[in-house]
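The values are calculated or read from the model by the stated rules, or taken from the named source; none is laboratory data. Because the structure is a prediction, the values reported are computed rather than measured. Here the Cβ is made from the backbone with ideal geometry for all residues, glycine too, and neighbour counts use every protein chain on show.
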Amino acid sequence: MTIRCRLTLWYAGVLAVSLLLISWAVYAEFAEQYHRHHHTSGESPLDEIGEIVMSVGLPAMVLGVAAGWWMTRRALKPIANLTKAAKEIDERTLGRLLPRSNNGDELDELAAVLNAMQTRLNEAFRQIREFTLHASHELKTPLTVMYGESETALRDEDLPPAERERHLSQLDELRRLSKIVDGLTLLTRADSGQLNLKMEPLRLDELARDLHGDAVILAEPMAVSVELAACEPLAVMGNAHRLRQLFLNLADNAVKYNKPGGRIVMSLRPSGRVAEFVITNTGPGIRADILPRVFDRFFRGDPAHGNDVEGCGLGLSIAQWIASAHGGAIRIESVPSDVTTVTLHLPLMAGGGGPVRVG
Amino acid sequence: MRVLIVEDEKKTASFIRKALQDAGFAADVCHNGNDAIAAAVGTPFDAVVLDIMLPGRDGLSVLRYLRDSKNTTPVLLLSARGEVDERVEGLNAGADDYLAKPFALVELVARVRALGRRGAGESKSAVLRVGDLTLDTITREARRDGKKFDLTVREYRLLEFLMRSAGRICGRMAILEKVWDYDFDPGSNLVDVYIKRLREKIDAGFEVKLFHTVRGMGYMMKEEP
């Protein structure tokens, strides 16, 4: 039961009891007067009181309850507003404060206290983001030094083979580490809204065709076939570098998580007001219970057999960020041991609306 | 060719200097912005390697100062941030190239060499030659020992880039940038797979191998048995 219903019922109860008390007092008064004057004719006091209660008391009470219903609504309105505003707050909109009535009542005070809490949380979030951002910058200098030292050592022709091997493996790990640091920098900057992508009109079909060519080559060592089933001319407003990164990431995953002799099918089609790029691949697939987590940062899937695939653990998080920065979205569905389907939606270029015709 | 290195981190400065010296350049080092300006104004350098984050006067401000005083020495910017917008800002301020930290020294050396060539005005010959392999950049035909190869557009661009840098190591990032127009590492073994294909097409069946892998660094084309 809502607070409003409860308050109104209490209010109705109180009104009813007071009506009864008043009726009883009035009845006592009437009865006394009746006996004093020994009236023999006319109505009994009970009838008279009943009449008054029915004709005046009850309507007054109904009116009172209705007024109470309306009053509680008014009184509780700020709570409804608070609820609505609070629902819209997540880690990205922590800076947006709750609305205040500034009338100094309890609810206004509550809003003020919640706002103060939110400001503290926002500050804590900002500090964490800034920490990650600084950490990733600070890591780059020592990484550069280590990279350079290994490379300089490798240039020495007389380096013993064991030493050479050690430096080479170190270079591989350093490369991986810098990829992780780069990804982290990118995502942290995106989180704190520091990244503004320069958008320009782009032909998605050209990107898809390029990607198909690269995917064919990437898939060759695993004897995976790559088919571009549909490639309709579509234009979006987008950042060429980032969209290429996104597309390549999806194709790369489709190859990495495939099975030898498997199959990849890509298609690009308009779907309402969005461009729909679908890429399916055969392979072990993703279990339903871990599917919702594949976009999480550093999520590596099944620990039992997830580590044989090289990667930095940020690819899909970055892909998802790129898609949402373009006003789009990525969805993954998977039937384990069968087919995994990744669907990317990107809003078509405004104005053009539908597919572009090229002359 | 004489290069000025402006980098406050001493170790980084010292191995950049060593790498450039090994590549046959003369290299001077300074560790802050004001020294850099004094050095660049006093000495005619062929290229400047300039870190953005410097104590006192930062790299971008040094660069703007040089350009404002009509100094046109080619500048390669180094940065630990490595963001596209920073790259754009650097290029707008008059930089000729940009490299994000951490970088591979082979990439740095290749870029500095390219800057030097830019100053000298490089002649682009129409037919490239490595050993008995020729690539006609007008007809886009690759031939070796009378045998003609079918190349995709991407394979052609890759081959042209490698042949133009014949005898020098080409890092993966440089290849990705010049052949694929990626200015980020896509985290994929695209380059390696393409090189493997070119190798299968062009080197298979020949005694003399032209494609060489320099482990940990990149690839190189040269004539070697």
*Would you mind stating whether A:Val113 is more than 30 Å from A:Ala75 (Cβ to Cβ), at pLDDT 90 or above and in a helix (DSSP H, G or I)?*
no
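Looking at the structure I just gave you, is A:Arg189 basic (Lys, Arg) and either within 7 Å of another protein chain (Cβ to nearest Cβ) or surrounded by 17 or more Cβ atoms within 10 Å (Cβ to Cβ) (or both)?
Working: basic (Lys, Arg): yes; either within 7 Å of another protein chain (Cβ to nearest Cβ) or surrounded by 17 or more Cβ atoms within 10 Å (Cβ to Cβ) (or both): yes.
Spelling it out, A:Arg189 is indeed basic (Lys, Arg) and either within 7 Å of another protein chain (Cβ to nearest Cβ) or surrounded by 17 or more Cβ atoms within 10 Å (Cβ to Cβ) (or both).
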*Could you tell me which residue of the stretch B:72-94 is surrounded by the most Cβ atoms within 10 Å (Cβ to Cβ), considering only residues that are over 18 Å from B:Ala13 (Cα atoms) and in contact with a helix residue (DSSP H, G or I) (Cβ under 6 Å, 6 or more places away or on another chain)?*
B:Pro74
*Take the stretch A:192-215 and flag every residue that is in a helix (DSSP H, G or I) and surrounded by fewer than 18 Cβ atoms within 10 Å (Cβ to Cβ).*
A:Glu206, A:Arg209, A:Asp210, A:Gly213
_Anything in the stretch A:1-22 that is at pLDDT below 85 and surrounded by 13 or more Cβ atoms within 10 Å (Cβ to Cβ)? List them, or say none._
A:Arg4
_The lone exception for A:Ile180 - which of (1) more than 43 Å from the chain's Cα centre (by Cα); (2) more than 7 Å from every other protein chain (Cβ to nearest Cβ); (3) in a helix (DSSP H, G or I) it fails_ = (1)
*Being in contact with a Ser or Thr (Cβ under 8 Å, 6 or more places away or on another chain) and of a type in the set (Lys, Arg) is the filter; apply it to the stretch A:119-150 and report the residue that is farthest from the other protein chains (Cβ to nearest Cβ).*
A:Arg126
*Select from the stretch A:231-254 the residues that are touching a helix residue (DSSP H, G or I) at 6+ places or on another chain (Cβ under 7 Å), within 14 Å of A:Trp321 (Cα to Cα) and more than 8 Å from chain B (Cβ to nearest Cβ) and list them in ascending order.*
A:Arg242, A:Leu243, A:Leu246, A:Phe247, A:Leu250
*Every residue from the stretch B:11-57 that is of a type in the set (Lys, Arg) and closer than 14 Å to B:Met1 by Cα*: B:Arg17
*Does B:Arg64 satisfy being outside the structural domain of B:Ile169 (by TED's automatic domain parsing), surrounded by 17 or more Cβ atoms within 10 Å (Cβ to Cβ) and basic (Lys, Arg)?*
no
*asked:* Tally up the residues in the stretch A:64-88 that are in contact (Cβ under 8 Å) with a residue 12 or more places away in the chain and either touching a Ser or Thr at 6+ places or on another chain (Cβ under 9 Å) or surrounded by fewer than 12 Cβ atoms within 10 Å (Cβ to Cβ) (or both), please.
replied: 7
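For (1) farther than 17 Å from A:Val255 by Cβ; (2) buried (at least 17 other Cβ atoms within 10 Å of the Cβ); (3) at pLDDT 85 or above; (4) of a type in the set (Asp, Glu), each residue gets a yes or a no:
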{"residue": "A:Val278", "(1), (2), (3), (4)": "no, yes, yes, no"}
{"residue": "A:Pro292", "(1), (2), (3), (4)": "yes, no, yes, no"}
{"residue": "A:Ala304", "(1), (2), (3), (4)": "yes, no, no, no"}
{"residue": "A:Ser317", "(1), (2), (3), (4)": "yes, yes, yes, no"}
{"residue": "A:Ala323", "(1), (2), (3), (4)": "yes, yes, yes, no"}
{"residue": "A:Gly328", "(1), (2), (3), (4)": "yes, yes, yes, no"}
{"residue": "A:Ser334", "(1), (2), (3), (4)": "no, yes, yes, no"}
{"residue": "A:Gly352", "(1), (2), (3), (4)": "yes, no, no, no"}
{"residue": "A:Arg357", "(1), (2), (3), (4)": "yes, no, no, no"}
*Taking the stretch A:194-210, which residues are touching a residue at least 40 places away in the same chain (Cβ under 8 Å) and either away from chain B (no Cβ under 11 Å) or among the β-branched types (Val, Ile, Thr) (or both)?*
A:Met199, A:Glu200, A:Pro201, A:Leu202, A:Arg203, A:Leu204, A:Asp205, A:Leu207, A:Ala208
*asked:* Let me confirm something: among A:Glu32, A:Glu91, A:Glu48, which residue is out of contact with any Ser or Thr (no Cβ under 9 Å at 6 or more places or on another chain), surrounded by 15 or more Cβ atoms within 10 Å (Cβ to Cβ) and either touching a residue at least 60 places away in the same chain (Cβ under 8 Å) or among the acidic types (Asp, Glu) (or both)?
replied: A:Glu48
*Determine whether A:Val26 is surrounded by 11 or more Cβ atoms within 10 Å (Cβ to Cβ), modelled with pLDDT of 85 or more and not small (Gly, Ala, Ser).*
no
*asked:* Could you check the stretch A:151-174 and list, in sequence order, the residues that are more than 8 Å from chain B (Cβ to nearest Cβ) and in contact (Cβ under 8 Å) with a residue 24 or more places away in the chain?
replied: A:Gln170
*Residue check, A:Gly213 farther than 30 Å from A:Leu234 by Cα and either in contact (Cβ under 8 Å) with a residue 12 or more places away in the chain or within 8 Å of another protein chain (Cβ to nearest Cβ) (or both)*: no
*Can you name the residue in the stretch B:13-47 that is touching a residue at least 24 places away in the same chain (Cβ under 8 Å) and polar (S, T, N, Q) and, of all such residues, is surrounded by the fewest Cβ atoms within 10 Å (Cβ to Cβ)?*
B:Thr43
*Given the conditions (1) over 23 Å from A:Ala153 (Cα atoms); (2) within 14 Å of chain A (Cβ to nearest Cβ); (3) of a type in the set (A, V, I, L, M, F, W, C); (4) touching a Ser or Thr at 6+ places or on another chain (Cβ under 8 Å), which single one is not true for B:Leu54?*
(4)
*Look through B:Ser79, B:Ser61 and report the one residue that is within 14 Å of chain A (Cβ to nearest Cβ), among the hydroxyl-bearing types (Ser, Thr, Tyr) and free of Cβ contacts under 8 Å to residues at least 40 places away in the same chain.*
B:Ser79
*Using the structure shown, decide if A:Arg189 is more than 22 Å from B:Val88 (Cβ to Cβ) and either within 31 Å of the chain's Cα centre (by Cα) or in a helix (DSSP H, G or I) (or both).*
no
